[in-house]
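Here the structure is laid out as structure tokens; the discussion comes afterwards.
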Amino acid sequence: MSKIRVSKNRSLAIELFEKANKTEGRNDFFSAALLYKEALRLFKQLGDSEKIKICKRKMIEMNQKALKSFKIFEIELKETETSKEEKLKYINYIINGDIDEVFLKIGLSEILCPNKKSIEQSSNPPIAFEIVSLSGIDDKGHIIKGSSKGKDVWFMHMYRLNQDYISKIYVRNLFKKLININKFDSTGIESLFCEVKINQTEIMRVGFKHYFDGDYVSAMHILIPQFENLFLSLSSRLGANIISDKEDASELSTKTTTLDEYSIKKFDSIWGEDFCEQISFVFFKSMGYKLRHRVAHGEITLNECCFENASLILYFYISLITKFLVKNTD
């Protein structure tokens with residue numbers, strides 16, 4: 001970079017930084033955050049470590065203040081009588097039969113898993129989502145990785161609406177009804193696990209017991225981490241390569257793949273794109289529920305450790321094992 005260009009960039013960076021300060025002083029925190037972001041971009045090019053730290057800190061602070069100043073609207077989902085009847089009819093269809101039939105219907109259900117392509121085709125983002133907005137900011141003011149493209153952010157918003165509907169309307173009511181009619185208990189789900197013969201059954205059994213005892217905190221903290229190993233183990237038995245292909249320059253070593261929103265895509269051909277996308281959204285994605293991350297790093301709240309989320313985790317266990325059993329007999 002030439003000296004003239006460096007000088008111009010420094011002048012522009014300082015100008016943006018000062019403008020951000022003035023904008024902050026007028027309590028226009030959203031605009032100030034964008035200005036600090038632009039200043040940060042230039043200070044990074046200049047290698048000004050002190051200003052980089054200040055800009056990052058200021059961006060988070062401005063985002064936090066902007067989030068507080070925005071009005072939050074709650075959308076109430078009102079079902080029509082026809083919709084209620086259709087939901088009830090579908091739930092009754094699933095619970096009709098012995099427990100093995102119920103598990104099969106849950107595992108192969110298209111209603112309980114969002115259709116990725118359908119959401120993509122119907123997701124036409126408004127112009128506002130083509131620019132940087134608070135849509136890509138988490139509840140602590142940090143910019144979420146991968147939120148720079150408005151179209152991607154809009155897709156995640158639409159995907160969330162679909163998954164929220166499935167979780168609240170179908171999964172919660174379905175599992176509640178199964179428990180109320182005494183068709184669903186720890187013995188039933190353990191019988192499903194006996195068919196796949198896995199090593200972690202004893203640990204998972206503890207998690208299932210906590211779930212049926214109503215201790216959703218313990219259930220989720222046991223079952224969420226265990227799901228990854230179950231997923232990889234069953235994938236391997238269906239012929240998937242679960243050895244990590246990431247190179248380690250320090251030593252020649254081999255290790256099992258660690259699941260995240262990127263690595264799970266290579267299992268699409270085995271489990272289906274829709275199911276893998278749903279797992280990614282619920283467990284891993286920054287703009288999703290990211291339950292594995294929130295549990296692993298102690299960020300999950302007591303309100304999130306609820307019947308609805310715990311039932312969603314059990315849905316993944318049932319669906320994964322059912323899909324495995326079906327594929328293993330093909």
Please compute the net charge surrounding ASN309, taking Lys and Arg as +1 and Asp and Glu as -1 over other residues with Cβ under 15 Å from its Cβ. +2
Return the Rg/Rh value of segment 3-69, two decimal places, where both radii are evaluated on C-alpha atoms and Rh is the Kirkwood radius. 1.01
Over segment 3-69, relative contact order from alpha-carbon pairs under 8 Å, at least 6 apart, %: 34
Cα point-scatterer Debye curve for segment 199-330, base-10 log of I(q)/I(0) at q = 0.19 Å⁻¹: -1.15
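Where a number appears in this text, it was derived from the coordinates with a stated rule and is not lab data. Since the structure is predicted, the reported quantities are computational estimates derived from the model, not experimental observations. With ideal geometry, Cβ positions are generated from the backbone for all residues, glycine too; neighbour counts draw on all protein chains shown.
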